[in-house]
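Here, each number is a calculation from the coordinates, and none is a lab measurement. Keep in mind it's a predicted model, so treat the numbers as computed, not measured. Cβ placement follows ideal geometry from the backbone for every residue including glycine, while neighbour counts extend to all protein chains displayed.
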Amino acid sequence: MTDSHLSATEPGTGVRARPRLTVVSGPSGVGKSTVVAELRRMDPSIFFSVSMTTRRQRPGEVDGGHYHFVDRARFDDMVDKDEFLEWAEYAGNCYGTPRQPVLDALDAGRPAILEIELQGARLVRAAMPEAQLVMLVPPSWETLVGRLTGRGTEDPEVVRHRLAVAEKELDAQGEFDALVVNTDVKQAATELLTLITGTAV
Ligand code: 5GP
């Protein structure tokens, strides 16, 4: 990886350039996918990374759209060939960001977004300190509990585990450059867009 992809200062000015790679993270149940989908509608010129995952495809998900669904052997092969910008294991499955498409988008001058979990966000921070890390947070802890508990159809043990993970993820807020509160999807997406492009809409 060369610094030219990620130069933190405008050449010759010493002024910090707008970050072009943005990581959006946040606890399970906070509404990351919904906010990112809204952002996609608002600005199709942004590059949205499509992750590889070993988890099973859910009904309604499109292979190559939501994720590239792959088996563990293919995922491990990509790890061995160092083809991921970052990857992590989450809830028993592997998730990773293919590196080249992100670098190609940045080279082409497109802002790029990764919607990934906390361990991945930390790895991006280590590999690319100039990336912008944004955490999407719920308006209150009670809201998140409500969203994760859903209609009460989930196994209480599963809900307890998800809440424990969410609590840890929220504890990492201090590691992020900005927080966006998801009270309203459209408003959260607008705030995110402002952080990415540096312009108000
Ligand atoms: P889900 O299985 O619900 O789609 O995603 C589970 C978690 O994995 C979410 O927090 C999602 O943001 C995260 N995730 C999705 N793609 C990636 C990736 O490429 N890398 C990492 N580290 N996390 C990812």
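To make sure I understand the rule: partners must be lysines, Cα under 21 Å from the Cα of LYS186, and not fewer than 8 residues away in the same chain. Which ones qualify?
Excluding near neighbours in sequence, the set is LYS32.
Can you give the helix-only mean residue ellipticity at 222 nm for the chain, where every DSSP H stretch with n ≥ 4 adds -39500 (n - 2.57) and the sum goes over all residues, rounded to the nearest 500 deg cm²/dmol?
-11500 deg cm²/dmol
Provide the gained length on full extension for the span VAL145 to GLU130, in nm with one decimal, where the gain is 0.36 nm per separating residue minus the Cα-Cα distance.
Numbers: separation 15, 0.36 × 15 = 5.40 nm, distance 3.31 nm.
Extra length available between VAL145 and GLU130 comes to 2.1 nm.
According to a simple spin-label model (label point 7 Å from Cα along Cα-to-Cβ), what is the distance in nm between LYS186 and ASP171?
Between ASP171 and LYS186, the label points sit 3.8 nm apart.
Residues with beta-carbon under 15 Å from that of GLY174, excluding GLY174: net charge, scoring Lys, Arg +1 and Asp, Glu -1?
Local charge sum for GLY174: -2.
Which order do the peptides 115-123, 52-60, 182-190 take when ranked by the mean count of other beta-carbon atoms within 10 Å per residue, highest first?
The most tightly packed comes first, giving 115-123, 182-190, 52-60.
GLU83 to ALA178: extension gain in nm, 0.36 nm per residue of separation minus the Cα-Cα distance? Display every interim value, and only then the final one.
Details: separation 95, 0.36 × 95 = 34.20 nm, distance 2.83 nm.
31.4 nm is the gain from fully extending GLU83 to ALA178.
Mind ranking 143-149, 158-164 by how tightly packed they are, going by the mean number of other C-beta atoms within 10 angstrom, highest first?
So the peptides 143-149, 158-164, ranked by packing, come out 143-149, 158-164.
What's the FRET efficiency of PHE48 with ARG160 using the Cβ-Cβ distance as r and R₀ = 25 Å, to the nearest 0.05? Numbers along the way, then the final one.
Values: r = 32 Å, r/R0 = 1.28.
For PHE48 and ARG160, the calculated efficiency is 0.20.
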